[in-house]
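No lab work stands behind these numbers, since they all come straight from the coordinates. The model shown is predicted, which means the values in this text are computed figures rather than measured ones. Note that each Cβ is placed from the backbone with ideal geometry, even for glycine, and that neighbours are counted across all protein chains shown.
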Amino acid sequence: MLLQRKPYQEGVDKMGRYSVLWSLTKHKMMMECETKYVLNYYFAKRGEYETKPPLLQLAWRLKNMTNVYLLIGNQIHQEIESEIRTLFETGEFLNASKIKKALYKNIEGIYKKAERGFERWYKDPTANSMLFEIYYDSSRLKEEVKQFIRRKVDTCVDGFINSFTLNEKIYSGKLKIMESEKYRSFMLDGIKVNLSADLIYFDTDCNEWGIVDWKSGKESAFDPIQLSIYGMYAESTYGANINDLIVTNEYLEDGKNKSYKVDSSGFKEVKTLIKQSADRIMKLEENISVSEEDVMDAFPKAQNQKVCERCNFKAICLENYRDKHINHFLEGVGKNGRNKEVEMVEIELMRELVSNGMPVDHEVEVFLEESPYETEESHTYKVERFSEYLSRF
């Protein structure tokens, strides 16, 4: 059964405006590196347009890049959401083998497509996937990568099938599930708090509200904070009594279940954290008027090199990476580099080598063939086509 949300407008002015948009994801990124934060949430978006500097255009691509761990996690979450929806519609118990096969196919398909999709990704990163491991390390879908993906999928799917929430709650048939909605939000003193909860339910058997998060990764120090935010959402949106609220993390890989009773003191600490973090976000927003060319030097950067090594934006943030990766981007969209015009002396040299017996593709022979009727225009066209041909190698 689907539950409807009650209207909630506290903290919003008459025009429906809020002072700042906050999420735990934004907070964690800001705490990790403020340069990464402003690139990801403000400057990278500007690189969607070809008129912007190449650095920002590449930043837009890097923002839309994922990694194999996030890819697996996102696909597992989507599959679980789909399976639970099907379960409530049909009443059929879930099939672990079927779920695993669907995940193998989806994840390995996305990985393989990214391997040969640099040009597509450069041209439209929102419609074409790219993985960190492929972009930076040229990691192909070798047997060991495939085995890692399948081990992770197997463990997490088994963890889901054997989870307390699925077996003791969902299969009981006594839950009222709220509408399926990926992204949710509530207002806190003029701050719009965004969140993404996997499952929110009301147990009619024990008059208990429950919020569940399926975790494909390890435990984190931020997990209790996240669960408190979920509790605040249920209280503000559905009028849930916090004394009747259970928040749960299902750690699928470890097969562990951690449930917490939320109390008002925990809410108070998290509300303070949100307000302080939102204040810092607003201060950063005041400084984003910096010129696009100076953005890399305008904000504090992470001091921990391990953070930099796993960051999507290291291609433009680390000086020893920047020029090379910007050139690769420009080559990828056909704006410089390998598409430069072939010099006439290079053509003459190749003609001499071929005439002396050097084996070449027939396509090269056509390029090198001299014609008494060749005009300047046809010669220019031939050189351009030859340049494009050579750019493949």
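Let me spell out the model: positive unit charges on the Cβ of Lys and Arg, negative unit charges on the Cβ of Asp and Glu, origin at the Cα centre of segment 25-165. What dipole size does that give, in debye rounded to 20?
340 debye
Can you tell me the length gained on complete extension of the stretch residue 293 to residue 148, counting 0.36 nm per residue apart and subtracting the Cα distance?
The residue 293-residue 148 span can extend by a further 48.1 nm.
Translational D (Stokes-Einstein, µm²/s) of segment 132-197 at 4 °C and 1.567 mPa s when Rh comes from the Kirkwood sum over C-alpha pairs?
D = 80 µm²/s.
Using a basic spin-label model with each label point 7 Å from the Cα along Cα→Cβ, how many nm lie between residue 176 and residue 276?
For residue 176 paired with residue 276, the spin-label model returns 3.8 nm.
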